[in-house]
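**Student:** Before I ask anything, let me first share the structure, which is written out below as structure tokens.
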Amino acid sequence: ARALPPNLSSYTKLDELLDVLEPNLVAFAGGVSVVSAKDAVTALNNIKRLQYQARWPVQQSRAESFVRVFVEIATRGIGSMSTKSIALLLNAIQAFSSDKLQCSKTMEAASLRIQTLATQMKLLQSLPVLGGETESDEVFRAQAVAVIVTAYQRMGRREDELFKSLAGVVTMLPPEDFDAQALANIANAYVDSGVQDAEMFDKLADVSAT
């Protein structure tokens, strides 16, 4: 069993990246993979980074076989994934959407996980603060929300309950968490989806005016 090799971001050639990831595919096929969902997302984003180099069908087919495995690993472990990792996963699979069934399964699983995390965030917000604020990957950030809603918008996925949950998250985020791009992407995704939330749009308007 093998975990991911280190320093995947240092690779500049797709073929070399896939070569070092090959043992992970062999381990997965043998039922002995120890790659975590988070590490699978890391692998996917590094393949995405270099996918432009797959100019020939044989290269494209090889890259797609790696993508299928890492997407499956990530989807299986999505129940323990952070908001940041889910955003990165959704960002990656937009580039690898040829497998419609697997893509649909992943986005459905991601939606359920995000809604669970949104519910947890609302619960924590309602409790008195004990011992001060803490930093955690579980905490939503405006950028992650923007990536998530944009992914569903671009993939043509209608997820009203997800968008309603994230609208509530947006209203709880501090104004300083937003930049211009996040504001625009969130607003555009909601307008395109047709999901209306007056409180969220008021929050976006207030933040953009500051």
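The values are calculated or read from the model by the stated rules, or taken from the named source; none is laboratory data. Everything numeric in this text was worked out from a predicted model, so none of it was measured. Every residue, glycine among them, receives a Cβ derived from its backbone with ideal geometry; neighbour counts consider all protein chains shown. Note: accessible area is taken over every heavy atom of the protein model, side chains too, but ligands, DNA and RNA are not part of it. Shrake-Rupley method; radii C 1.70, N 1.55, O 1.52, S 1.80 Å.
**Student:** Taking region 78-114 as the region of interest, how many residues are closer than 16 Å to Ala63 by Cβ and either of a type outside the set (A, V, I, L, M) or without any contact (Cβ under 8 Å) to a residue 40 or more places away in the chain (or both)?
**Tutor:** 7
**Student:** Of everything in region 60-92 that's within 15 Å of Val20 (Cα to Cα) and not aliphatic (A, V, I, L, M), which residue is most open to solvent (accessible area, probe 1.4 Å)?
**Tutor:** Among residues in region 60-92 that are within 15 Å of Val20 (Cα to Cα) and not aliphatic (A, V, I, L, M), the one most open to solvent (accessible area, probe 1.4 Å) is Arg62.
**Student:** Is at least one residue of region 98-110 at pLDDT below 85, crowded, with 19+ Cβ neighbours inside 10 Å and in a helix (DSSP H, G or I)?
**Tutor:** no
**Student:** Right, next: When only residues in region 111-141 that are surrounded by 12 or more Cβ atoms within 10 Å (Cβ to Cβ) and of a type in the set (D, E, K, R) count, which is modelled with the lowest pLDDT?
**Tutor:** Asp137
**Student:** Has region 149-165 got at least one residue that is on the phi > 0 side of the Ramachandran plot and open to solvent by 50 Å² or more (accessible area, probe 1.4 Å)?
**Tutor:** yes
**Student:** Only residues that are of a type in the set (Ser, Thr, Tyr) and at pLDDT 95 or above: list them for region 53-78, please.
**Tutor:** Residue satisfying the conditions is Thr75 alone.
**Student:** Still on this structure: Inspect region 25-32 for any residue being open to solvent by less than 20 Å² (accessible area, probe 1.4 Å) and either more than 13 Å from Ile73 (Cα to Cα) or not in a helix (DSSP H, G or I) (or both) and give the result as yes or no.
**Tutor:** The answer is no, given that none of the residues of region 25-32 is open to solvent by less than 20 Å² (accessible area, probe 1.4 Å) and either more than 13 Å from Ile73 (Cα to Cα) or not in a helix (DSSP H, G or I) (or both).
**Student:** Which one of these does Val170 not meet: (1) open to solvent by less than 40 Å² (accessible area, probe 1.4 Å); (2) under 22 Å from Gln120 (Cα atoms); (3) in contact (Cβ under 8 Å) with a residue 40 or more places away in the chain?
**Tutor:** (3)
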